[in-house]
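The values are calculated or read from the model by the stated rules, or taken from the named source; none is laboratory data. Keep in mind the model is a prediction, meaning the values are calculated, not measured. FYI the Cβ positions are ideal-geometry reconstructions off the backbone, even for glycines, and counts take in every protein chain you see.
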(Lines give C-alpha, C1' and ligand atoms only; values in the text may rest on other atoms or scores of the structure.)
Protein backbone atom coordinates (compact mmCIF):
# COMPACT_ATOMS: atom_id res chain seq x y z
CA UNK A 1 0.00 0.00 0.00
CA UNK A 2 1.39 3.43 -0.88
CA UNK A 3 2.08 5.64 2.13
CA UNK A 4 0.56 8.69 0.48
CA UNK A 5 -1.96 8.63 -2.30
CA UNK A 6 -3.84 11.34 -4.16
CA UNK A 7 -6.96 10.49 -6.09
CA UNK A 8 -8.46 12.89 -8.57
CA UNK A 9 -7.07 15.74 -6.49
CA UNK A 10 -8.19 19.24 -7.48
CA UNK A 11 -7.81 22.68 -5.98
CA UNK A 12 -9.35 25.87 -7.27
CA UNK A 13 -8.60 29.27 -5.77
CA UNK A 14 -11.29 31.99 -5.35
CA UNK A 15 -14.17 29.98 -6.79
CA UNK A 16 -16.88 32.14 -8.31
CA UNK A 17 -14.79 35.31 -8.48
CA UNK A 18 -13.08 36.80 -11.53
CA UNK A 19 -9.78 35.56 -10.07
CA UNK A 20 -10.78 31.89 -10.17
CA UNK A 21 -7.79 29.67 -10.91
CA UNK A 22 -7.32 25.93 -10.80
CA UNK A 23 -3.89 25.29 -9.30
CA UNK A 24 -4.13 21.51 -9.14
CA UNK A 25 -6.19 19.78 -11.79
CA UNK A 26 -7.37 16.20 -11.16
CA UNK A 27 -4.07 14.71 -10.11
CA UNK A 28 -3.60 11.02 -9.32
CA UNK A 29 -0.48 10.08 -7.45
CA UNK A 30 0.95 7.15 -5.52
CA UNK A 31 3.94 7.61 -3.27
CA UNK A 32 5.57 4.50 -1.86
CA UNK A 33 7.17 4.51 1.59
CA UNK A 34 10.89 5.25 1.65
CA UNK A 35 11.07 7.00 -1.69
CA UNK A 36 13.05 10.19 -2.22
CA UNK A 37 11.01 12.16 -4.71
CA UNK A 38 11.94 15.36 -6.47
CA UNK A 39 8.98 17.55 -7.40
CA UNK A 40 9.75 19.96 -10.21
CA UNK A 41 7.71 22.41 -12.19
CA UNK A 42 7.83 26.01 -13.34
CA UNK A 43 6.53 28.83 -11.14
CA UNK A 44 2.77 28.55 -10.74
CA UNK A 45 2.60 24.92 -11.82
CA UNK A 46 0.78 23.99 -8.62
CA UNK A 47 3.65 22.45 -6.66
CA UNK A 48 3.08 24.33 -3.42
CA UNK A 49 -0.70 23.92 -3.54
CA UNK A 50 -0.36 20.17 -4.08
CA UNK A 51 2.07 19.89 -1.17
CA UNK A 52 -0.25 21.79 1.16
CA UNK A 53 -3.07 19.43 0.28
CA UNK A 54 -0.92 16.38 1.00
CA UNK A 55 -0.61 17.37 4.67
CA UNK A 56 -4.15 18.59 5.13
CA UNK A 57 -3.51 22.33 5.29
CA UNK A 58 -5.66 22.98 2.25
CA UNK A 59 -8.94 21.22 1.76
CA UNK A 60 -9.18 19.86 -1.78
CA UNK A 61 -11.96 21.26 -3.94
CA UNK A 62 -12.38 17.75 -5.27
CA UNK A 63 -10.75 14.36 -4.79
CA UNK A 64 -9.13 12.70 -1.79
CA UNK A 65 -5.77 12.35 -0.08
CA UNK A 66 -5.08 8.99 1.49
CA UNK A 67 -2.43 8.63 4.19
CA UNK A 68 -1.68 4.94 4.67
CA UNK A 69 -4.98 4.17 3.03
CA UNK A 70 -7.08 6.50 5.19
CA UNK A 71 -8.84 9.56 3.84
CA UNK A 72 -7.44 12.54 5.78
CA UNK A 73 -10.65 14.54 5.24
CA UNK A 74 -12.94 11.72 6.34
CA UNK A 75 -15.39 12.62 9.07
CA UNK A 76 -13.74 12.48 12.48
CA UNK A 77 -10.22 12.24 11.04
CA UNK A 78 -7.62 14.10 13.12
CA UNK A 79 -5.94 16.54 10.74
CA UNK A 80 -3.48 17.68 13.36
CA UNK A 81 -2.18 14.13 13.65
CA UNK A 82 -1.87 14.04 9.86
CA UNK A 83 0.34 17.11 9.96
CA UNK A 84 2.66 15.42 12.45
CA UNK A 85 2.99 12.46 10.10
CA UNK A 86 3.37 14.48 6.93
CA UNK A 87 5.84 17.23 7.90
CA UNK A 88 5.85 20.23 5.60
CA UNK A 89 8.70 22.72 5.49
CA UNK A 90 7.51 25.88 3.78
CA UNK A 91 9.44 28.10 1.45
CA UNK A 92 11.73 30.48 3.38
CA UNK A 93 10.97 28.63 6.63
CA UNK A 94 13.30 30.91 8.60
CA UNK A 95 10.48 33.48 8.64
CA UNK A 96 8.49 31.24 10.97
CA UNK A 97 11.10 31.19 13.78
CA UNK A 98 9.67 32.89 16.84
CA UNK A 99 11.00 31.43 20.09
CA UNK A 100 13.67 32.95 22.29
CA UNK A 101 16.17 30.21 21.60
CA UNK A 102 16.84 27.86 18.72
CA UNK A 103 16.33 24.95 21.08
CA UNK A 104 12.83 26.04 22.00
CA UNK A 105 11.91 26.71 18.41
CA UNK A 106 12.90 23.23 17.31
CA UNK A 107 10.97 21.89 20.31
CA UNK A 108 7.76 23.69 19.24
CA UNK A 109 6.53 20.86 16.99
CA UNK A 110 7.33 17.97 19.36
CA UNK A 111 5.79 19.94 22.24
CA UNK A 112 2.57 20.34 20.25
CA UNK A 113 2.57 16.57 19.83
CA UNK A 114 2.41 16.28 23.60
CA UNK A 115 5.71 14.42 24.02
CA UNK A 116 7.61 14.17 27.30
CA UNK A 117 10.59 16.33 28.25
CA UNK A 118 13.26 13.67 27.69
CA UNK A 119 11.84 12.62 24.33
CA UNK A 120 11.70 16.26 23.21
CA UNK A 121 15.27 16.80 24.33
CA UNK A 122 16.47 13.75 22.43
CA UNK A 123 14.68 14.83 19.27
CA UNK A 124 15.92 18.42 19.41
CA UNK A 125 19.54 17.37 19.86
CA UNK A 126 19.35 14.67 17.23
CA UNK A 127 17.78 16.83 14.54
CA UNK A 128 20.06 19.77 15.34
CA UNK A 129 22.98 17.47 14.74
CA UNK A 130 21.40 16.10 11.57
CA UNK A 131 21.21 19.59 10.07
CA UNK A 132 24.67 20.53 11.33
CA UNK A 133 23.80 23.00 14.09
CA UNK A 134 26.29 22.82 16.94
CA UNK A 135 25.25 22.53 20.59
CA UNK A 136 26.43 26.05 21.24
CA UNK A 137 23.91 27.46 18.75
CA UNK A 138 20.94 25.86 20.47
CA UNK A 139 20.90 28.43 23.25
CA UNK A 140 21.20 31.40 20.91
CA UNK A 141 18.29 33.52 19.71
CA UNK A 142 17.19 32.52 16.21
CA UNK A 143 17.79 36.07 14.99
CA UNK A 144 21.46 35.83 15.90
CA UNK A 145 22.00 33.04 13.38
CA UNK A 146 23.22 33.41 9.81
CA UNK A 147 20.79 32.96 6.93
CA UNK A 148 21.80 29.38 6.20
CA UNK A 149 21.77 28.44 9.88
CA UNK A 150 18.28 29.90 10.31
CA UNK A 151 17.05 27.89 7.36
CA UNK A 152 18.51 24.69 8.82
CA UNK A 153 17.08 25.43 12.27
CA UNK A 154 13.63 25.81 10.72
CA UNK A 155 14.00 22.54 8.80
CA UNK A 156 15.08 20.84 12.04
CA UNK A 157 11.85 22.14 13.62
CA UNK A 158 9.82 20.00 11.24
CA UNK A 159 12.22 17.03 11.26
CA UNK A 160 11.94 16.90 15.05
CA UNK A 161 8.33 15.77 14.70
CA UNK A 162 9.83 12.67 13.02
CA UNK A 163 7.21 12.61 10.30
CA UNK A 164 6.78 9.54 8.11
CA UNK A 165 6.74 11.81 5.08
CA UNK A 166 8.88 14.93 4.96
CA UNK A 167 7.97 17.54 2.35
CA UNK A 168 10.30 20.46 1.69
CA UNK A 169 9.20 23.36 -0.48
CA UNK A 170 12.26 24.87 -2.14
CA UNK A 171 14.57 24.37 0.85
CA UNK A 172 17.49 25.84 -1.06
CA UNK A 173 15.87 29.01 -2.39
CA UNK A 174 18.12 32.03 -1.97
CA UNK A 175 21.11 30.14 -0.59
CA UNK A 176 24.61 30.15 -2.06
CA UNK A 177 25.92 26.96 -3.76
CA UNK A 178 27.71 25.86 -0.61
CA UNK A 179 24.59 26.28 1.52
CA UNK A 180 22.54 24.44 -1.09
CA UNK A 181 24.93 21.50 -1.17
CA UNK A 182 24.96 21.35 2.60
CA UNK A 183 21.21 21.15 2.96
CA UNK A 184 20.78 18.67 0.11
CA UNK A 185 23.47 16.28 1.33
CA UNK A 186 22.12 16.50 4.88
CA UNK A 187 18.69 15.64 3.53
CA UNK A 188 20.11 12.63 1.71
CA UNK A 189 21.82 11.44 4.89
CA UNK A 190 18.62 11.97 6.85
CA UNK A 191 16.67 9.98 4.29
CA UNK A 192 19.19 7.12 4.36
CA UNK A 193 19.33 7.03 8.14
CA UNK A 194 15.63 7.23 8.95
CA UNK A 195 14.22 5.61 5.83
CA UNK A 196 11.35 8.07 5.78
CA UNK A 197 9.73 9.29 2.60
CA UNK A 198 11.03 12.65 1.36
CA UNK A 199 9.45 14.99 -1.18
CA UNK A 200 11.76 17.73 -2.34
CA UNK A 201 10.14 20.57 -4.28
CA UNK A 202 12.42 22.58 -6.51
CA UNK A 203 12.54 24.24 -9.86
CA UNK A 204 16.21 23.46 -10.23
CA UNK A 205 16.82 20.14 -11.99
CA UNK A 206 20.47 20.46 -11.22
CA UNK A 207 19.83 20.33 -7.49
CA UNK A 208 17.40 17.48 -7.31
CA UNK A 209 18.67 15.17 -10.04
CA UNK A 210 21.62 13.94 -8.03
CA UNK A 211 19.69 12.92 -4.95
CA UNK A 212 16.25 11.65 -5.82
CA UNK A 213 15.02 8.19 -6.74
CA UNK A 214 12.00 9.49 -8.64
CA UNK A 215 10.96 12.74 -10.27
CA UNK A 216 7.48 14.18 -10.30
CA UNK A 217 7.13 16.79 -13.03
CA UNK A 218 4.21 19.21 -12.84
CA UNK A 219 3.15 21.65 -15.49
CA UNK A 220 0.00 23.78 -15.64
CA UNK A 221 -1.65 22.04 -12.67
CA UNK A 222 -1.18 18.55 -14.10
CA UNK A 223 1.33 15.71 -13.69
CA UNK A 224 3.47 15.48 -16.80
CA UNK A 225 5.61 12.56 -15.70
CA UNK A 226 6.42 10.61 -12.59
CA UNK A 227 9.37 8.31 -13.13
CA UNK A 228 13.06 7.77 -12.45
CA UNK A 229 15.30 10.74 -13.31
CA UNK A 230 16.92 8.78 -16.13
CA UNK A 231 13.60 8.26 -17.89
CA UNK A 232 12.37 11.78 -17.23
CA UNK A 233 15.53 13.41 -18.56
CA UNK A 234 15.60 11.17 -21.63
CA UNK A 235 12.70 13.25 -22.94
CA UNK A 236 14.64 16.48 -22.73
CA UNK A 237 12.82 18.41 -25.40
CA UNK A 238 9.50 18.28 -23.67
CA UNK A 239 11.00 19.53 -20.41
CA UNK A 240 12.69 22.42 -22.15
CA UNK A 241 9.39 23.32 -23.79
CA UNK A 242 7.83 23.56 -20.32
CA UNK A 243 10.44 26.07 -19.29
CA UNK A 244 12.47 23.64 -17.20
CA UNK A 245 16.18 23.52 -17.82
CA UNK A 246 17.87 20.12 -17.95
CA UNK A 247 20.99 19.54 -15.85
CA UNK A 248 24.05 20.82 -17.67
CA UNK A 249 25.59 17.38 -18.02
CA UNK A 250 22.39 16.03 -19.60
CA UNK A 251 22.42 18.87 -22.10
CA UNK A 252 26.03 18.07 -23.00
CA UNK A 253 25.15 14.46 -23.66
CA UNK A 254 22.04 15.33 -25.63
CA UNK A 255 24.24 17.61 -27.71
CA UNK A 256 26.74 14.83 -28.31
CA UNK A 257 23.96 12.49 -29.39
CA UNK A 258 22.66 15.07 -31.78
CA UNK A 259 26.13 15.16 -33.33
CA UNK A 260 25.98 11.43 -33.98
CA UNK A 261 27.67 9.90 -30.97
CA UNK A 262 26.20 6.62 -29.85
CA UNK A 263 25.67 7.35 -26.17
CA UNK A 264 22.69 7.02 -23.83
CA UNK A 265 20.33 9.99 -23.44
CA UNK A 266 19.71 9.55 -19.71
CA UNK A 267 22.90 10.88 -18.20
CA UNK A 268 22.17 13.24 -15.35
CA UNK A 269 25.12 13.02 -12.97
CA UNK A 270 28.60 14.23 -13.73
CA UNK A 271 30.06 11.07 -12.26
CA UNK A 272 28.17 8.75 -14.59
CA UNK A 273 28.85 11.07 -17.51
CA UNK A 274 32.57 11.07 -16.84
CA UNK A 275 32.66 7.28 -16.64
CA UNK A 276 30.86 6.98 -19.96
CA UNK A 277 33.19 9.44 -21.65
CA UNK A 278 36.27 7.66 -20.32
CA UNK A 279 34.94 4.34 -21.58
CA UNK A 280 34.30 5.86 -24.97
CA UNK A 281 37.74 7.41 -25.19
CA UNK A 282 39.41 4.15 -24.20
CA UNK A 283 37.38 2.14 -26.64
CA UNK A 284 38.05 4.66 -29.39
CA UNK A 285 34.38 5.13 -30.22
CA UNK A 286 33.09 6.77 -33.38
CA UNK A 287 34.55 10.15 -34.17
CA UNK A 288 37.47 9.91 -31.76
CA UNK B 1 -9.74 32.46 4.48
CA UNK B 2 -7.91 35.67 5.28
CA UNK B 3 -7.84 36.36 1.57
CA UNK B 4 -11.60 36.74 1.58
CA UNK B 5 -11.48 39.97 3.57
CA UNK B 6 -12.05 42.87 1.22
CA UNK B 7 -10.13 45.94 2.20
CA UNK B 8 -10.53 49.29 0.57
CA UNK B 9 -13.19 47.33 -1.34
CA UNK B 10 -12.43 49.10 -4.59
CA UNK B 11 -14.59 47.68 -7.39
CA UNK B 12 -12.83 48.40 -10.67
CA UNK B 13 -15.17 49.42 -13.48
CA UNK B 14 -15.23 51.88 -16.32
CA UNK B 15 -17.98 54.34 -15.51
CA UNK B 16 -18.68 58.05 -15.23
CA UNK B 17 -18.46 57.91 -11.47
CA UNK B 18 -15.15 56.02 -11.55
CA UNK B 19 -13.69 58.64 -13.86
CA UNK B 20 -14.81 61.54 -11.69
CA UNK B 21 -12.27 63.66 -9.87
CA UNK B 22 -11.73 62.04 -6.47
CA UNK B 23 -11.61 65.44 -4.74
CA UNK B 24 -15.11 66.20 -5.96
CA UNK B 25 -16.30 62.76 -4.96
CA UNK B 26 -15.07 63.34 -1.40
CA UNK B 27 -16.67 66.79 -1.19
CA UNK B 28 -19.95 65.51 -2.61
CA UNK B 29 -19.98 62.62 -0.16
CA UNK B 30 -19.38 65.03 2.74
CA UNK B 31 -22.22 67.28 1.52
CA UNK B 32 -24.42 64.20 1.19
CA UNK B 33 -23.79 63.37 4.86
CA UNK B 34 -24.54 66.94 5.88
CA UNK B 35 -27.77 66.81 3.92
CA UNK B 36 -28.86 63.54 5.52
CA UNK B 37 -28.40 64.88 9.03
CA UNK B 38 -29.64 68.38 8.37
CA UNK B 39 -32.92 67.28 6.83
CA UNK B 40 -35.68 66.48 9.30
CA UNK B 41 -38.44 65.54 6.89
CA UNK B 42 -39.42 62.79 4.50
CA UNK B 43 -38.28 64.64 1.32
CA UNK B 44 -34.69 64.43 2.63
CA UNK B 45 -34.86 60.67 2.58
CA UNK B 46 -36.36 60.73 -0.89
CA UNK B 47 -33.54 62.98 -2.09
CA UNK B 48 -30.98 60.72 -0.44
CA UNK B 49 -32.53 57.62 -1.95
CA UNK B 50 -32.71 59.20 -5.40
CA UNK B 51 -29.07 60.28 -5.12
CA UNK B 52 -27.82 56.81 -4.11
CA UNK B 53 -29.91 55.23 -6.88
CA UNK B 54 -28.57 57.64 -9.50
CA UNK B 55 -24.98 57.19 -8.36
CA UNK B 56 -25.32 53.40 -8.33
CA UNK B 57 -26.73 53.30 -11.85
CA UNK B 58 -24.08 55.70 -13.16
CA UNK B 59 -21.25 53.78 -11.47
CA UNK B 60 -22.39 50.37 -12.84
CA UNK B 61 -21.79 48.89 -9.39
CA UNK B 62 -24.08 45.85 -8.92
CA UNK B 63 -26.83 46.78 -6.41
CA UNK B 64 -25.92 43.52 -4.64
CA UNK B 65 -22.64 45.15 -3.60
CA UNK B 66 -24.48 48.07 -2.00
CA UNK B 67 -26.67 45.68 -0.02
CA UNK B 68 -23.53 43.79 0.99
CA UNK B 69 -22.02 46.98 2.40
CA UNK B 70 -25.03 47.50 4.65
CA UNK B 71 -25.02 43.94 6.00
CA UNK B 72 -22.29 44.37 8.66
CA UNK B 73 -24.21 47.17 10.39
CA UNK B 74 -27.55 45.37 10.62
CA UNK B 75 -27.09 44.78 14.38
CA UNK B 76 -26.53 48.51 14.89
CA UNK B 77 -29.61 49.26 12.78
CA UNK B 78 -31.77 46.92 14.84
CA UNK B 79 -30.40 48.37 18.09
CA UNK B 80 -31.00 52.01 17.10
CA UNK B 81 -34.40 51.17 15.64
CA UNK B 82 -35.64 49.38 18.76
CA UNK B 83 -34.19 52.00 21.11
CA UNK B 84 -36.00 54.81 19.32
CA UNK B 85 -39.15 52.78 18.87
CA UNK B 86 -39.64 51.90 22.53
CA UNK B 87 -38.18 54.82 24.42
CA UNK B 88 -39.32 57.97 22.60
CA UNK B 89 -42.53 59.68 23.54
CA UNK B 90 -44.59 62.22 21.71
CA UNK B 91 -47.82 62.17 19.74
CA UNK B 92 -50.34 59.41 20.14
CA UNK B 93 -49.34 56.42 22.28
CA UNK B 94 -50.34 53.01 20.87
CA UNK B 95 -48.93 50.62 23.47
CA UNK B 96 -47.35 50.94 26.89
CA UNK B 97 -45.70 48.62 29.45
CA UNK B 98 -43.80 50.16 32.36
CA UNK B 99 -41.23 52.49 30.77
CA UNK B 100 -41.57 50.92 27.32
CA UNK B 101 -44.00 52.48 24.91
CA UNK B 102 -44.69 52.76 21.24
CA UNK B 103 -45.62 56.27 20.22
CA UNK B 104 -46.28 58.05 16.97
CA UNK B 105 -43.04 60.00 17.36
CA UNK B 106 -41.14 56.82 18.20
CA UNK B 107 -42.22 55.02 15.04
CA UNK B 108 -41.42 58.04 12.92
CA UNK B 109 -37.98 58.62 14.41
CA UNK B 110 -36.92 54.98 14.39
CA UNK B 111 -37.88 54.52 10.73
CA UNK B 112 -36.15 57.80 9.91
CA UNK B 113 -32.95 56.83 11.72
CA UNK B 114 -32.72 53.39 10.16
CA UNK B 115 -33.25 54.68 6.62
CA UNK B 116 -30.83 57.52 7.28
CA UNK B 117 -28.04 55.18 8.44
CA UNK B 118 -28.63 52.85 5.48
CA UNK B 119 -28.30 55.78 3.07
CA UNK B 120 -25.23 57.00 4.88
CA UNK B 121 -23.46 53.66 4.54
CA UNK B 122 -24.61 53.21 0.92
CA UNK B 123 -23.36 56.68 -0.01
CA UNK B 124 -19.95 56.33 1.58
CA UNK B 125 -19.49 52.79 0.23
CA UNK B 126 -20.12 54.16 -3.24
CA UNK B 127 -17.16 56.46 -2.71
CA UNK B 128 -14.82 53.61 -1.76
CA UNK B 129 -16.25 51.26 -4.40
CA UNK B 130 -15.56 53.72 -7.18
CA UNK B 131 -12.25 55.19 -6.01
CA UNK B 132 -9.07 53.19 -5.58
CA UNK B 133 -7.47 53.69 -2.14
CA UNK B 134 -4.36 55.24 -3.66
CA UNK B 135 -6.35 57.86 -5.57
CA UNK B 136 -8.39 58.47 -2.45
CA UNK B 137 -5.31 59.33 -0.39
CA UNK B 138 -4.08 61.55 -3.22
CA UNK B 139 -7.36 63.42 -3.12
CA UNK B 140 -7.30 63.73 0.66
CA UNK B 141 -3.80 65.15 0.41
CA UNK B 142 -4.96 67.67 -2.17
CA UNK B 143 -7.96 68.68 -0.07
CA UNK B 144 -5.88 69.04 3.08
CA UNK B 145 -3.04 70.90 1.39
CA UNK B 146 -4.19 74.33 2.69
CA UNK B 147 -3.27 73.00 6.14
CA UNK B 148 0.37 72.94 5.05
CA UNK B 149 0.41 76.63 5.86
CA UNK B 150 -0.21 75.64 9.47
CA UNK B 151 2.94 73.44 9.29
CA UNK B 152 0.89 70.25 9.23
CA UNK B 153 2.86 67.46 7.45
CA UNK B 154 0.05 66.74 5.00
CA UNK B 155 2.18 65.06 2.36
CA UNK B 156 3.90 62.83 4.89
CA UNK B 157 0.57 61.77 6.38
CA UNK B 158 -0.80 60.96 2.94
CA UNK B 159 2.34 59.00 2.07
CA UNK B 160 2.00 57.01 5.28
CA UNK B 161 -1.61 56.23 4.45
CA UNK B 162 -0.68 55.16 0.92
CA UNK B 163 2.08 52.87 2.18
CA UNK B 164 -0.17 51.38 4.84
CA UNK B 165 -2.86 50.64 2.25
CA UNK B 166 -0.32 49.22 -0.15
CA UNK B 167 1.02 46.79 2.44
CA UNK B 168 -2.24 45.50 3.86
CA UNK B 169 -2.65 42.79 1.20
CA UNK B 170 1.03 41.89 1.47
CA UNK B 171 0.80 41.47 5.21
CA UNK B 172 -2.40 39.47 4.93
CA UNK B 173 -0.67 37.10 2.55
CA UNK B 174 2.28 36.90 4.92
CA UNK B 175 0.01 36.16 7.89
CA UNK B 176 -1.65 33.40 5.91
CA UNK B 177 1.71 31.86 5.14
CA UNK B 178 3.00 32.05 8.71
CA UNK B 179 -0.25 30.60 10.02
CA UNK B 180 0.04 27.66 7.64
CA UNK B 181 3.67 27.12 8.57
CA UNK B 182 2.90 27.04 12.28
CA UNK B 183 -0.11 24.83 11.71
CA UNK B 184 2.18 22.44 9.89
CA UNK B 185 4.13 22.24 13.14
CA UNK B 186 0.98 21.42 15.04
CA UNK B 187 0.04 24.89 16.29
CA UNK B 188 -3.56 24.72 17.46
CA UNK B 189 -5.46 27.95 16.89
CA UNK B 190 -9.00 26.71 16.80
CA UNK B 191 -9.57 25.14 20.21
CA UNK B 192 -9.07 26.02 23.85
CA UNK B 193 -10.09 28.91 26.06
CA UNK B 194 -9.37 32.59 25.62
CA UNK B 195 -5.94 32.45 27.29
CA UNK B 196 -4.85 29.45 25.27
CA UNK B 197 -5.98 31.09 22.06
CA UNK B 198 -4.19 34.32 22.90
CA UNK B 199 -1.04 32.32 23.57
CA UNK B 200 -1.45 30.53 20.25
CA UNK B 201 -1.13 33.91 18.53
CA UNK B 202 2.45 34.41 19.71
CA UNK B 203 4.00 32.11 17.08
CA UNK B 204 2.19 34.14 14.43
CA UNK B 205 2.56 37.67 15.71
CA UNK B 206 6.30 37.56 16.38
CA UNK B 207 7.33 36.44 12.89
CA UNK B 208 4.79 38.88 11.44
CA UNK B 209 6.24 41.84 13.33
CA UNK B 210 9.76 40.83 12.45
CA UNK B 211 8.86 40.66 8.79
CA UNK B 212 6.94 43.95 8.92
CA UNK B 213 10.00 45.71 10.35
CA UNK B 214 12.24 44.07 7.79
CA UNK B 215 9.94 45.23 5.00
CA UNK B 216 9.80 48.75 6.42
CA UNK B 217 13.56 48.92 6.47
CA UNK B 218 13.87 47.64 2.92
CA UNK B 219 11.23 50.07 1.71
CA UNK B 220 12.92 53.02 3.40
CA UNK B 221 16.19 52.05 1.80
CA UNK B 222 14.60 51.65 -1.62
CA UNK B 223 12.92 55.06 -1.30
CA UNK B 224 16.19 56.68 -0.36
CA UNK B 225 17.95 55.00 -3.27
CA UNK B 226 15.45 56.71 -5.52
CA UNK B 227 16.14 60.05 -3.82
CA UNK B 228 12.81 60.44 -2.07
CA UNK B 229 12.98 63.61 -0.01
CA UNK B 230 9.41 64.38 0.96
CA UNK B 231 6.74 66.41 -0.75
CA UNK B 232 8.73 69.53 -1.64
CA UNK B 233 8.79 69.98 -5.41
CA UNK B 234 7.47 66.50 -6.08
CA UNK B 235 5.45 65.97 -9.25
CA UNK B 236 2.72 63.38 -9.67
CA UNK B 237 2.17 60.48 -11.98
CA UNK B 238 -1.61 60.64 -11.56
CA UNK B 239 -2.83 64.21 -11.85
CA UNK B 240 -6.21 64.95 -10.36
CA UNK B 241 -8.22 66.67 -13.08
CA UNK B 242 -11.68 68.09 -12.73
CA UNK B 243 -14.08 68.42 -15.65
CA UNK B 244 -17.63 69.29 -16.55
CA UNK B 245 -19.11 66.11 -15.06
CA UNK B 246 -17.60 66.95 -11.67
CA UNK B 247 -19.18 70.38 -11.62
CA UNK B 248 -22.53 68.98 -12.74
CA UNK B 249 -22.44 66.37 -9.97
CA UNK B 250 -21.51 69.04 -7.41
CA UNK B 251 -24.32 71.28 -8.68
CA UNK B 252 -26.88 68.49 -8.28
CA UNK B 253 -25.67 67.88 -4.75
CA UNK B 254 -25.79 71.56 -3.83
CA UNK B 255 -29.27 71.92 -5.29
CA UNK B 256 -30.50 69.00 -3.16
CA UNK B 257 -28.87 70.48 -0.07
CA UNK B 258 -30.48 73.85 -0.74
CA UNK B 259 -33.86 72.19 -1.24
CA UNK B 260 -33.51 70.37 2.07
CA UNK B 261 -32.69 73.61 3.87
CA UNK B 262 -35.69 75.35 2.30
CA UNK B 263 -38.02 72.45 3.19
CA UNK B 264 -36.72 72.51 6.75
CA UNK B 265 -37.50 76.20 7.01
CA UNK B 266 -40.95 75.87 5.43
CA UNK B 267 -42.15 72.93 7.52
CA UNK B 268 -41.15 74.34 10.85
> Can residue A:95 be described as under 21 Å from residue A:180 (Cα atoms), more than 22 Å from the chain's Cα centre (by Cα), within 13 Å of another protein chain (Cβ to nearest Cβ) and assigned to a helix (DSSP H, G or I)?
Replying inline: no
>> Any residue at all in region A:45-56 that's away from chain B (no Cβ under 12 Å), touching a residue at least 60 places away in the same chain (Cβ under 8 Å), within 17 Å of the chain's Cα centre (by Cα) and over 14 Å from residue A:221 (Cα atoms)?
In response: no
> Out of the residues in region A:246-263 that are out of contact with any helix residue (DSSP H, G or I) (no Cβ under 7 Å at 6 or more places or on another chain) and in a loop (DSSP other than H, G, I, E, B), which is nearest to residue A:230 (Cα to Cα)?
Replying inline: A:262
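Condition check ((1) free of Cβ contacts under 8 Å to residues at least 12 places away in the same chain; (2) within 11 Å of chain B (Cβ to nearest Cβ); (3) farther than 22 Å from residue A:184 by Cβ) across all residues:
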residue	(1), (2), (3)
A:87	no, yes, no
A:91	no, yes, no
A:100	no, yes, yes
A:105	no, yes, yes
A:119	yes, no, yes
A:124	no, no, yes
A:134	yes, no, no
A:137	no, no, no
>> Going residue by residue through region B:199-221, is there one that turns out to be surrounded by 10 or more Cβ atoms within 10 Å (Cβ to Cβ) and closer than 18 Å to residue B:136 by Cα?
In response: no
> Taking region B:39-62 as the search range and keeping residues that are without any contact (Cβ under 8 Å) to a residue 12 or more places away in the chain and within 13 Å of residue B:130 (Cα to Cα), which one is farthest from the chain's Cα centre (by Cα)?
Replying inline: B:57
> Which of the residues belonging to region B:86-99 are outside any loop (DSSP other than H, G, I, E, B) and over 35 Å from the mean Cα position of the chain (by Cα)?
Replying inline: B:93, B:94, B:95, B:96, B:97
>> Go through (1) touching a strand residue (DSSP E or B) at 6+ places or on another chain (Cβ under 7 Å); (2) under 17 Å from residue A:45 (Cβ atoms) for residue A:211 and report which single condition fails.
In response: (2)
>> Please go through (1) closer than 30 Å to residue A:82 by Cβ; (2) out of contact with any helix residue (DSSP H, G or I) (no Cβ under 9 Å at 6 or more places or on another chain); (3) away from every other protein chain (no Cβ under 11 Å) for residue B:266 and return the number of the only condition it doesn't satisfy.
In response: (1)
>> Being more than 11 Å from chain A (Cβ to nearest Cβ) and in contact with a helix residue (DSSP H, G or I) (Cβ under 8 Å, 6 or more places away or on another chain) is true for just one of B:156, B:141. Which residue is that?
In response: B:141
>> Every residue in region A:107-117 that is within 9 Å of chain B (Cβ to nearest Cβ) and either farther than 22 Å from residue B:191 by Cβ or in a helix (DSSP H, G or I) (or both), please.
In response: A:108, A:109, A:110, A:111, A:112
> Quick one: how many residues across region A:57-79 are at the interface with chain B (Cβ under 10 Å from one of its Cβ atoms), surrounded by 17 or more Cβ atoms within 10 Å (Cβ to Cβ) and free of Cβ contacts under 8 Å to residues at least 40 places away in the same chain?
Replying inline: 1
>> Scan region B:174-184 and tell me whether some residue there is more than 14 Å from chain A (Cβ to nearest Cβ) and in contact (Cβ under 8 Å) with a residue 60 or more places away in the chain.
In response: no
> Are there any pairs, at least 6 apart or on different chains, whose C-beta atoms fall under 8 Å, with the first in region B:218-244 and within 18 Å of residue B:167 (Cβ to Cβ) and the second modelled with pLDDT of 85 or more, and if so, which?
Replying inline: B:219/B:163
>> Going through B:237, B:250 one at a time, which residue ends up being assigned to a helix (DSSP H, G or I) and closer than 26 Å to residue B:24 by Cβ?
In response: B:250
> Of all the helices (runs of 4 or more DSSP H) wholly in region A:145-245, which have at least 1 residues that are surrounded by 22 or more Cβ atoms within 10 Å (Cβ to Cβ) and within 14 Å of chain B (Cβ to nearest Cβ)?
Replying inline: A:147-159
> Within region A:264-288, can you find the residues that are modelled with pLDDT under 80 and not in a loop (DSSP other than H, G, I, E, B)?
Replying inline: A:283
>> Between B:82, B:45, B:30, which is closer than 30 Å to residue B:247 by Cα, out of contact with any helix residue (DSSP H, G or I) (no Cβ under 6 Å at 6 or more places or on another chain) and assigned to a helix (DSSP H, G or I)?
In response: B:30
